[in-house]
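The values are calculated or read from the model by the stated rules, or taken from the named source; none is laboratory data. Values in this document were obtained by computation on a predicted structure and should not be read as measured data. Neighbour counts are summed over all protein chains in view; Cβ atoms, including those assigned to glycine, are modelled from backbone coordinates with ideal geometry. Quick note on the areas: whole protein, heavy atoms, side chains included, nothing else; ligands and nucleic acids left out. Shrake-Rupley method; radii C 1.70, N 1.55, O 1.52, S 1.80 Å.
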Amino acid sequence: MNMKQMIALTFGVVWTGVLVFRFLTIDSVQKYRPPIPKKLPPPPMTTLQTTAIPPRTINPNFKNLLQLIDWPVPPSAIKHLNFSTSPTKSSYHLLNSRKVYQTGEKVEVIITARDHNGQPKEYGGDFFRAKLHSPALKAGVTGQVKGYNNGSYLVTFLLPWPGQAQVQIRLIHSSEAVDVLKRKREDSPGKVYFNGYFQFNGTNEVMECNLELPGHDVCTYKDPISAETWLCVRPQKLPCYSLLYHSTGGYRKVTNQLEDSLLSDSVTNKIIAGSVPTIHVMSDNSSVGLTSNLSTCSRDQKSRQPSGFYYADRWTSITCLGRHFPQPGDALTCLRGKDIHMIGDSTLRQWFEYLERFIPSLKRIDLHANYPSGPLIAVEANAGLVMRWRAHGLPLRTTKTKMSDLHYEVAHLAGIGGGPHTVIVLTLWAHFTSFPVMVYLERLERVREAVSNLLFRSPETTVIIKSANTGYKSIFGSDWLSLQLDILLRAMFKGMGVIILDVWDMTSCHYLPDSIHPGPPVIKNEVDLMLSYICSR
C-alpha cells in the first residue's frame, strides 16, 4: 500500500482528486496517520479554477421563499449622496391624534422620506426601524413598518402599557444603501475571507479559505454526512490533508466612494425628527386582555406582530404565556434531567454563559478547546443536567480553532438520539450575512432535513430555533441583511413541529444601544422565554 492509499484509508475515502474531510480529532489523525516520511510527497493534482464564479442557479423549491424577501429597488442608479434618503430631512406625523388613548389600542404614524435636497422621495425601499418606548417605565414595543413604494410609510404601534409613551423612528439604511448591500451580498462573497493553517513535519503555511475561491488551485474538503464543502488555496509546500486550524482572515474593501458615503455613519442608524407628542395611555385592563387568553408556550405557535413588549424591563410575550425565572432554583427545577445541545453563533453562546453564571451549581468542564468556538460543556450532576454549546460549521468568523472541533450542524444532529429529555437549540444567520442568499438557503435546507430526521426518530425531542437579532451596521453585516435571513429562517422551519423563538423584537425595542451581542437584561429575558418553552410540559 502506497502512502496516498494509506492517507485515503485514514480519512475513510478513496482519493479521487478531491479530499473528503471528516474533521477527525487531531489525536485520531495522529493515531492512524502513517509514519511521516523524511521528504513530503508532491501534492495531489486537482483542476485549476481559472474562471469567475458563474451565477448561481435558483432552485425551483426556493422561488416562493425568495419572494418573501423581495425588496423595492431604486428605479435608477444615483450619482450623488444628495439624491438618497436623508435622516435629517425625512419626518413623520401621527394620524388621528387624540389627547388620551386606552391600553390595547393602536396608533398609526406616517413617515415621509425626503432626499438631502429636501425633495420628497417618489419610490420606496428605505429600511426604517420603529419603536414606542418609555425610558421612565423601561418599557418598549416594536412598531410595524409598511411601505407604499412611493416614499411614504405607515407605522403601526400597539399600546400595551398605561402611562406615557414616545415614538422613535430610525432610518437604518436609505433605499440606495440597501441596494448596495443587496448587490455586494450577491456579487462579492469573498469580501470576508478566512485563514487555513497547514502544518506538517515542521513546515507551516497559512492559506486563504472560503466557500468559493475562483481562479485558484484549491484543496476541497467535503463532509461525508452534511455534504458541505470548504475550499482552501493549495499550499505551495504542504499536502491538503495537513490543514489543522481555521480562523477569520480579514475583510476586503468592495465599495467605491459613493457607496461608502451611502453606508457612512452620518446617514446610518439615525433618528429622524417627527411631530408626535408624548402619547398618554390610560388603563382599561386591555393590557391584561392581551395575555389573559394565551396558551402555554409550545411548538408551532403562530407568532404575532409585535411578539411582545417590555415593561419594567421584563418581557411579556403576547404569543404564548411566558414565565419568568427570578431565582437560580427556578431555572434549575425547569432544566432538571435535561440534555441540552446549543449549536450556533456567539449570540447563542450568550445563553450558555448566562445560565452558567445564573445557576451556581452548574459547573463548566474544561475541554481545552478554543473558547470563542467551543465546544463548551457544563453539568449539574445532582440535577442530571448537561448543557453544551458549540459553534456551527464553516463559514465561521472566529479566532484560531482546530478544524477537528468545527462540526457542521447536520453532522452533529445526526449523532443525537433525542427523546423527551433532549433539547436542541439552533441559530444560523450571523455568519452568513456576507454570502449570497442561495448559499444560506441551501444550508438551511440541509439543516431542516436533519431536524426532520431527528424528530422522526424521536418526536418528543424539543427543538428551538433562535431567530436573528439586531445589531449589525456595515457592508459585512447589517440589520437589513439579518432581517432577510431571519425571514427565510422562519419560513424554512414553519410547520415542522419546532419552536421559533422570536428575539428580533426583544432586541429592537429595548432601551440599551444596539449591539450584535445584546446586554444582560435582554439575554435574561431571552433565556426566560426559552425556559418557558422547555418547561411548558
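How would the range 424-537 be classified by its alpha-carbon gyration tensor: rounded, prolate or oblate, with rounded meaning a/c under 1.5 and the a/b versus b/c comparison settling the rest?
Taking the square roots of the gyration eigenvalues as a ≥ b ≥ c, the range 424-537 is oblate.
Placing unit charges on each Cβ (+1 for Lys and Arg, -1 for Asp and Glu) gives the chain a dipole about its Cα centre, and among L489, L262, G215 the Cα reaching farthest toward its positive end belongs to G215.
Solvent exposure of S247, expressed as accessible area, is near 10 Å², computed with a probe of 1.4 Å over the protein chains only. Pairs of Cα atoms nearer than 8 Å and 6+ residues apart set the relative contact order; for the chain it is 17 percent.
Contour minus end-to-end for L95 and L154, with contour as 0.36 nm per residue of separation and end-to-end as the Cα-Cα distance? Intermediate values should be presented prior to the final figure.
Details: separation 59, 0.36 × 59 = 21.24 nm, distance 0.97 nm.
Full-extension gain reported as 20.3 nm.
Take every Cα pair under 8 Å whose residues are at least 6 apart in sequence, average their separation, divide by the length of the range 96-206, and the relative contact order is 28 percent. Taking all protein chains into account, the per residue accessible area for the range 212-322 stands at 48 Å² (1.4 Å probe). Distance between the C-alpha centres of the range 463-477 and the range 83-111: 27 Å, rounded to the whole angstrom. Taking all protein chains as they are arranged and a probe of 1.4 Å, the heavy atoms of L68 leave approximately 90 Å² accessible to solvent.
With n ≥ 4 as the cut-off for DSSP H runs, can you work out [θ] at 222 nm for the chain, using -39500 (n - 2.57) per run divided by the number of residues, rounded to the nearest 500?
Working: 13 runs with 130 residues, N = 537.
Value at 222 nm, helices only, nearest 500: -7000 deg cm²/dmol.
Distance from the alpha carbon centroid of the range 491-537 to that of the range 405-445 works out to 18 angstrom. Simple point charges give the picture: +1 on the Cβ of Lys and Arg, -1 on the Cβ of Asp and Glu, and for the chain a dipole about the Cα centre of about 560 debye. Please go through the residue pairs K184/K338; K338/K494; K146/K473; K63/K400 and name each one whose alpha carbons sit more than 32 Å apart in this structure. Flagged as over cut-off: K184/K338; K63/K400. Sequence-ordered 3J(HN,Hα) estimates for the range 386-401 from the Karplus curve with 6.51, -1.76 and 1.60 and θ = phi - 60° stand at 10, 10, 10, 9, 8, 5, 5, x, 4, x, 8, 7, 7, 7, 4, 9 Hz, glycine and proline given as x.
Distance between the 7 Å Cα→Cβ label points at H80 and R314: 5.6 nm.
Rolled with a 1.4 Å probe across the full set of protein chains, the surface gives S536 an accessible area near 40 Å². Our coupling estimate for the range 255-264, obtained by passing each phi through the Karplus curve with A = 6.51, B = -1.76, C = 1.60 and θ = phi - 60°, is 10, 8, 5, 5, 5, 4, 5, 5, 10, 5 Hz, Gly and Pro reported as x.
Taking one equal scatterer on every alpha-carbon of the range 198-284, how large is log10 of I(q)/I(0) by Debye at q = 0.26 1/Å? These q points yield log10 I(q)/I(0) values of -1.32. For the range 459-479, list residues with backbone N below 19 Å from a point placed 7 Å from the Cα of R183 toward its Cβ? Residues passing the 19 Å test: 474-478. What does the C-alpha gyration tensor say about the overall shape of the range 51-143? Classify as rounded when a/c is under 1.5, otherwise prolate if a/b is larger than b/c, or oblate. Here the range 51-143 falls in the oblate category.
Given R₀ = 41 Å, what would the calculated FRET efficiency be for I365 paired with Q301, taking r from the Cβ atoms and rounding to 0.05? Write down the numbers at each step before the final one.
Values: r = 35 Å, r/R0 = 0.85.
Result of the calculation: an efficiency of 0.75.
Using 0.36 nm per residue and subtracting the Cα-Cα separation, the extra length available between T399 and T88 on full extension is 108.0 nm. Would any residue of the range 411-453 have its amide N under 18 Å from a label point 7 Å out along Cα→Cβ of D70? List them or say none. Those under the cut-off are 437-438.
Bridging of K99 to lysines at a Cα separation below 21 Å is possible for K131, once same-chain residues fewer than 8 apart are set aside.
FRET efficiency for the pair A381 and Q327, taken as 1/(1 + (r/R0)^6) with r the Cβ-Cβ distance and R0 = 22 Å, rounds to 0.60. 3J(HN,Hα) along the range 495-506: x, 9, x, 10, 9, 9, 8, 7, 10, 4, 4, 5 Hz, from the Karplus curve 6.51 cos²θ - 1.76 cosθ + 1.60 with θ = phi - 60°, whole Hz, x for Gly and Pro. Placing W230, W71 in order of accessible area, with the largest value first and a 1.4 Å probe, yields W71, W230. On the chain, 53 percent of the accessible area sits on carbon and sulfur atoms, based on a 1.4 Å probe. Partnerless cysteines in the chain, where a partner means another cysteine C-beta under 4.7 angstrom, comprise C509.
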